[in-house]
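What follows is a set of notes on a single structure, which appears directly below.
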Amino acid sequence: MIAIYEKLEKARLRATSTRVAVLSLFHAFPREHFTVEQVYRALCDQAEPCSLASVYRALALLSDARLIVSAALGDTRVVYELNRGERHYHVVCDRCARVAEVYDPEFEAQQAKVAEEHGFSFSSCNLVIFGVCAKCAGLAGN
Ligand SMILES: [Zn+2]
Ligand SMILES: [Zn+2]
């Protein structure tokens, strides 16, 4: 819990109960991807006094401070995750919406090459790969 307060202080954010609860959730599940609603439900389950509006505000502030990062997975789904400082892409299951993370340095080098071929210096790539996860593919035959 101490680390959470330190992180908020370093980011010059006041340690409100919602911010502490939200950031604690991401540290408790450092590899999970949460929608706003999932964060909201997790906080309410802890009997934390919470409102959806305050969760939205906390997520926006924590994102601005780069303590967490958001990713758009398709047209409507936005997820938040702890900022572990690891570049990665997301693979999303079409059926169960499970999210996996992938990173391929060769693929990234290829993106830089493509950008350069068009006269751009590469900065980043926002990529989501859609497919069917092994679990869903296995269940499909039953
Ligand atoms: Zn699936
Ligand atoms: Zn991720």
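Read-outs: derived from the displayed coordinates by stated rules, not from any lab. Note that the structure is predicted; figures quoted are calculated from it, not measured. Positions of Cβ are backbone-derived with ideal geometry, glycine not excepted, and every protein chain shown enters the neighbour counts.
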task: Can you tell me how much longer the chain between Phe29 and Leu52 gets when fully stretched, taken as 0.36 nm per residue apart minus their C-alpha distance, in nm with one decimal?
output: 6.3 nm
task: Give, rounded to the nearest 20 debye, the magnitude of the charge dipole that segment 1-82 has about its Cα centre when Lys and Arg contribute +1 at Cβ and Asp and Glu contribute -1 at Cβ.
output: 260
message: For the chain, report the % of Cα-Cα distances exceeding 19 Å.
response: 60
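Explain nothing, just the number: dipole magnitude of the chain about its Cα centre with +1 on each Lys and Arg Cβ and -1 on each Asp and Glu Cβ, in debye rounded to the nearest 20.
Charge dipole of the chain: 460 debye, to the nearest 20.
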task: Figure the gain on full extension for Gln38 and Ser17 (residue separation times 0.36 nm, minus the Cα-Cα span) and round it to one decimal in nm.
output: 5.8 nm
Point-to-point label distance, Leu127-Glu101, nm (Cα→Cβ direction, 7 Å offset): 1.7
- request: Round to the nearest 0.05 the FRET efficiency obtained for Ala134 and Ala3 when R0 = 35 Å and r is the Cβ-Cβ distance.
  value: 0.50
message: Assuming 0.36 nm per residue, please report the length gained on full extension of the stretch Asp94 to Ala60 beyond their Cα-Cα distance.
response: 9.5 nm
task: Please name which of Pro30, Ala115, Ile129 has its Cα lying farthest along the dipole of the chain towards the positive end, using unit charges on Cβ (Lys, Arg +1; Asp, Glu -1) and the Cα centre as origin.
output: Pro30
- line: Protection proxy (average C-beta count within 10 Å per residue), highest first, orders 69-78, 111-120 as 69-78, 111-120
